[in-house]
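The values are calculated or read from the model by the stated rules, or taken from the named source; none is laboratory data. None of the values given here were measured: they were computed from a predicted structure. Ideal geometry is used to build each Cβ from the backbone, glycine not excepted, and the neighbour counts take in all protein chains shown.
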Amino acid sequence: MPWWSGNDRSVADLGLTLTEGRVLLAEVQSLLVSQQTADWMAGQLACCRCGSVLAHKDSRSIVLRTVFGKVVVPSPRLWECSCADKPCEPRRSVGPLCKAVPQRVTPELEYLQAKWAAHLPYRQATELLREVLPLDKAISLGSTRRRVLAVGNRLDAEIERDIASGPKLIDGDQVGESISVGCVSVDSAWLSFSSSPKSRKAERDLVELRSPWTKRLVQERHVNIVAGCATFADRTPRLYAYVHKQVPSAAARLDLG
C-alpha cells in the first residue's frame, strides 16, 4: 500500500527511519567489504617473486572498523615461499590482510573521528557519530582519543619533515632563538564574496593587485584567513596571517609575519 493512501499515515513514517537506514548501511557494508577482501586475498595466494602458490597454514578472522560498522572478514595465514628461506632460520608465516590493514580501521573512519573530535569533546564526537552512522560497537571514547592522538603525531612528523626540508643555514649565519615564549594567540575567520556590484568591484580590485593567489580567491569565493600573535619575553611581538589553503606547508607558515 502506498504511503499516502492510508488515513493513519504521518510525515514521521515517510522514508527510512534513522535506525532502518543504519541497519541497511551496515548490511550493505558487510557484504561489500567481505566480497572486496575475498577478491583481494585471491590475488595474494601466489609468491610475488617466483609465482608459486603459497601453502595455507590456518584460517583466522579479523574485525575491520569502517564508517558503516564493524565487519568480520576471513584472514587466512600463509606459509612464506621456499624461495625466501634463509639458512638456519625457521620458516615463517604471513597474514596478507593483517599486514595490509595493521590498524584494523579504514581511513574514512579515522578522518571522521579526528575531524569531529577537533571541534567537540571526545565523548560528544563519539556520541554524534554513533547517532548518525551504524557505529554502536565500532568506536568508543578511548578509540576516538587514540586515533586523534595518532593523527596529531603524524601531523607533527610532517611538520618536522617540512622544517627539515626547508632552506639550510649558510656557514657563519647565526640564529637567534627565543628561550621564553610568553603566549601565542590564534584566530580564524571566513571571508565571502557576494554578488552585489560593490563586491564585484572589490573582486576586480583584488585581481589588479596581481598577487599569486588573488585570482584563486575570486574563483573560490570563500577564504579562510588565519591570523595570530606571538609574544616573546626577549623581543617584540610578532604578527602573522595566511590563507589556510594557499600556505599548506607548516614551515612556510612559520616564516610569515
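Scanning region 111-121 for residues that are in contact (Cβ under 8 Å) with a residue 24 or more places away in the chain and surrounded by fewer than 18 Cβ atoms within 10 Å (Cβ to Cβ) yields a single hit, A118. Each residue in region 122-145 was checked for being more than 24 Å from Q29 (Cα to Cα) and either touching a residue at least 60 places away in the same chain (Cβ under 8 Å) or of a type in the set (K, R) (or both), and 2 pass. Is one or more of the residues making up region 50-59 at pLDDT below 85 and under 30 Å from L135 (Cβ atoms)? Taking every residue of region 50-59 in turn, none turns out to be at pLDDT below 85 and under 30 Å from L135 (Cβ atoms). For S52, indicate whether it is farther than 30 Å from L16 by Cα and either surrounded by 13 or more Cβ atoms within 10 Å (Cβ to Cβ) or of a type outside the set (A, V, I, L, M, F, W, C) (or both). Yes.
Filtering region 129-140 to residues that are of a type in the set (A, V, I, L, M, F, W, C) and surrounded by 15 or more Cβ atoms within 10 Å (Cβ to Cβ) leaves L129, L133, L135, A138, I139.
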